[in-house]
Amino acid sequence: MKKTLLALAVPALLMAGSASAATVYTAEDGSTIDVYSRLGFNITDRQEDDAVGNFDARIGLGGSQVVNDKVSVIGWAEYSVGAAEQRNAGELSPRYVWAGIDGSEYGKVTFGRVASGIIMLSDIGDVFAASDVVLGRQMELIDNSAAQTFRQDGTLQYQNSFGAFDMSVAYILGNSESNQDGSYNAVGRYTFDLGNAGTLAPVVAYQANSTGDATSPDNAATANRDYTFWGAGLQYKLNALTLGAMYNQDEIEGQGISGTSKDKSYELTAVYNINDDWTARAGYRALENTGGDEAEYKDTTLEVQYHLTERSSIYTSYVMRNGDNGTGNSNIWSGWNDAEEDYYHLGLRYEF
């Protein structure tokens, strides 16, 4: 396998939409060591009466070891360090921790806390530096290791590309506390080359999770629950312009939940690279829950980013929220994601 292919393939799989990792060492046989880090500081009035300063960081280390011209052993460990979000404040929190096999044109198999293939769908809406994605909001009600549908512990995943078609399938075993039972997902994306008219990439995704009987006090609250998620989206690119549209819904039922709690949401996004230095973004996202916390999110986001270097930038965002924190059960996000209050960010992000 060519060294350049290894250096590109590993970070692309690892980072799942983040800036590419840097290869800091390449052996004669093509084996690599890769590192990634992101440091950020922002001023915001989110969840606060007055502006506060937050710092967040990520650090990752991994690489590949060549077995032969077709097969490499790959792995990655990435952590959030003192992240600004209240739920992770002051903690070293794992984002991705996995190992696997890269079989070149035969695809990649990875196991651990992997970057879910559903990121192919969520990336349509996840274009902003400083606002959240609502997709898969209820996942944490069935798996305490989950970060929405982006990553879950104990995932065995296969990914490959066949020409313009990208696919991912995964079986989710979970960990000893999450108690997953027959959980899986599948994602497909096809990119149409429209010539001078740009590219159009539709994506479809599905996930199903179930938990069995409680095996310990740690998973008693999420035992005997069933969760399903599906979504579809389109991303259109033409020169400096990228447009996205996405719809998804998820529902959960079982122990401790009265009836069925269902989220329905859609997102519209636009990104325009004004020039090499400036990028402007705009988007609207809406979510409505029935049968659960009855929350509604109606967010309009405006953002401008100035690129100081290829990998570092200053950005400012304003999020106008016209939602409702709900009148039913306690809003599962209310502690850090108020649906009713506008907020702004002014931040510096440095990546290496």
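A few comments on the model shown:
- Qualifying residue in segment 19-42 (condition: at pLDDT below 50 and more than 20 Å from Y158 (Cα to Cα)): yes
- Listed by first and then second residue, the pairs with beta-carbon distance under 7 Å, at least 6 apart or on different chains, first residue in segment 162-187 and of a type in the set (D, E), second assigned to a strand (DSSP E or B), are D166/R189; D181/S210; D181/T211.
- Within segment 225-240, restricting attention to residues that are charged (D, E, K, R) and either assigned to a loop (DSSP other than H, G, I, E, B) or open to solvent by 70 Å² or more (accessible area, probe 1.4 Å) (or both), the residue that is farthest from T269 (Cα to Cα) is D226.
- Test: residue in segment 213-220 that is at negative phi, of a type in the set (G, A, S) and touching a Gly at 6+ places or on another chain (Cβ under 8 Å): no
- For segment 213-224, the set of residues classified as in a loop (DSSP other than H, G, I, E, B) and surrounded by 14 or more Cβ atoms within 10 Å (Cβ to Cβ) consists of A214, A223, N224, listed by residue number.
- Matching residues in segment 117-129 - criterion: being among the small types (G, A, S) and open to solvent by less than 10 Å² (accessible area, probe 1.4 Å): G117, S122, G125
- Candidate set from segment 158-200 (those that are over 22 Å from the mean Cα position of the chain (by Cα) and assigned to a strand (DSSP E or B)); member that is farthest from T228 (Cα to Cα): D193
- Residue pairs meeting the criteria (Cβ under 9 Å; at least 6 apart or on separate chains; first closer than 30 Å to T316 by Cβ and without any contact (Cβ under 8 Å) to a residue 60 or more places away in the chain, in segment 24-53; second of a type in the set (D, E, K, R) and open to solvent by less than 60 Å² (accessible area, probe 1.4 Å)): A51/D45; V52/D45; V52/R46
- V73 falls short on exactly one of the conditions (1) surrounded by 16 or more Cβ atoms within 10 Å (Cβ to Cβ); (2) free of Cβ contacts under 8 Å to residues at least 40 places away in the same chain; (3) within 21 Å of A115 (Cβ to Cβ), and that condition is (1).
- Restricting attention to segment 148-175, the residues that are surrounded by 19 or more Cβ atoms within 10 Å (Cβ to Cβ), touching a Lys or Arg at 6+ places or on another chain (Cβ under 9 Å) and not hydroxyl-bearing (S, T, Y) total 8.
- Considering (1) open to solvent by 30 Å² or more (accessible area, probe 1.4 Å); (2) more than 21 Å from the chain's Cα centre (by Cα), the lone condition that D293 does not fulfil carries the number (1).
- Residue within segment 324-336 that is surrounded by 16 or more Cβ atoms within 10 Å (Cβ to Cβ) and touching a Leu at 6+ places or on another chain (Cβ under 8 Å) present: yes
- Residue count for segment 93-113, restricted to those that are within 21 Å of the chain's Cα centre (by Cα), closer than 19 Å to N68 by Cβ and open to solvent by 20 Å² or more (accessible area, probe 1.4 Å): 3.
The values are calculated or read from the model by the stated rules, or taken from the named source; none is laboratory data. Here the structure is a predicted model, which is why all the values come from computation and not from measurement. No Cβ is skipped: glycine too gets one built from the backbone with ideal geometry, and neighbour counts run over all protein chains shown. Each accessible area value is taken on the protein alone, full model and side chains, heavy atoms only, with ligands, DNA and RNA left out. Shrake-Rupley method; radii C 1.70, N 1.55, O 1.52, S 1.80 Å.
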